[in-house]
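Written below as structure tokens is the structure these notes are about.
The values are calculated or read from the model by the stated rules, or taken from the named source; none is laboratory data. Small disclaimer: the values here were computed from a predicted structure and weren't measured. All Cβ positions, even for glycine, are placed from backbone atoms using ideal geometry, and neighbour counts span all protein chains on display. Note: accessible area is taken over every heavy atom of the protein model, side chains too, but ligands, DNA and RNA are not part of it. Shrake-Rupley method; radii C 1.70, N 1.55, O 1.52, S 1.80 Å.
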Amino acid sequence: TKTHSSETIPSISISYDYNSDRSLKSKTKETSFGTSINHYTYDGNTILIGSESEVYTKIHLSPSNQITHTETFGGPETGFYTFKEYYYDESGQINRVLFKKRDGSTEQEFNIKVDKNPNPFKIFDSKIPNGLSLRMIEDAQSYSGYGDLPDDFSMDDDNWGYFNDTNMISCTYNNQIEYDYNFTYDENRRPISIDYAFRPSTTLIITYYD
């Protein structure tokens, strides 16, 4: 269960239920505004998300179980359309994310670069079968960040960093604005600090307790 509360943001509680094979069965989200439940079913390489009676989101997977794109239901006239696409490099690391309009054109493009050092932040994620994780599923079905710039996208508060086994060091937004993340590593190739080049004097210090 994940919980969040503050003076300005209503309390949020999220819990997950699983099938016997540990695949995701349902997600229950409780807030001060009410309770919503997503149900997950599976049809080959497609994850279907919706209520008990209808599907409103489809996550499509490649034969190797990488998330390729997500469709959402746009209403009776539009039907399902692709709103997000994911692309990967030869080593399987995510390197491009597109947000799409209903007409199929690209509204936003994020191009990602990674280094070759292990990503330690995946310990904050929860694995599910076939190489997927809760963070990946959350990101694929969510509009979170849509219309925003990718500040801190590689860190714990967002999901893109959990797709990769190595660390994201830059992201270019719409081929115009580049965001750099400068990592410093210890002798074990673990990041000990991250300098946010797009935020002057902002550095994240990381300490490990063995």
Are any of the pairs Lys29/Lys113; Lys27/Lys116; Lys27/Lys113; Lys27/Lys84; Lys58/Lys116 more than 29 Å apart by Cα-Cα distance, and if so, which? Lys29/Lys113; Lys27/Lys116; Lys27/Lys113; Lys58/Lys116
Scan around Tyr88 for amide H atoms under 5 Å from its own, H built in the peptide plane at 1.01 Å from N, and keep only partners 5 or more places away or cross-chain. Asn95
Pop the C-beta distance of Asn117 and Tyr81 into the FRET formula with R0 = 35 Å and round what comes out to the nearest 0.05. 0.40
Do any GluC sites (Glu not before Pro) in the range 72-109 lie in a loop, going by DSSP, with at most 11 other beta-carbon atoms within 10 Å of their beta carbon, and if so which? Glu77, Glu90
Taking trypsin sites (Lys or Arg not before Pro) that fall in a DSSP loop and have at most 15 other Cβ atoms within 10 Å as cut points, what is the longest piece of the chain between them? 103-188
Identified option (computed Rg/Rh (Cα atoms, Kirkwood Rh); candidates (i) 1.04; (ii) 1.06; (iii) 0.97): (iii)
If you roll a 1.4 Å probe over the chain with all protein chains in place, what percent of the accessible area is carbon or sulfur? 46 percent
Applying the Karplus parametrisation 6.51 cos²θ - 1.76 cosθ + 1.60 with θ = phi - 60° to the phi angles of the range 74-79, what ³J(HN,Hα) value in whole Hz is obtained for each residue in order, glycine and proline being reported as x? x, x, x, 6, 7, x
What ³J(HN,Hα) values, in whole Hz, does the Karplus curve 6.51 cos²θ - 1.76 cosθ + 1.60 give for the range 56-73 when θ = phi - 60°, with x put for Gly and Pro? 10, 9, 10, 9, 9, 10, 7, x, 9, 6, 7, 6, 9, 6, 10, 10, 10, 7
Any idea how far apart Tyr42 and Ser105 come out in nm if each label point goes 7 Å out from Cα toward Cβ? 3.9 nm
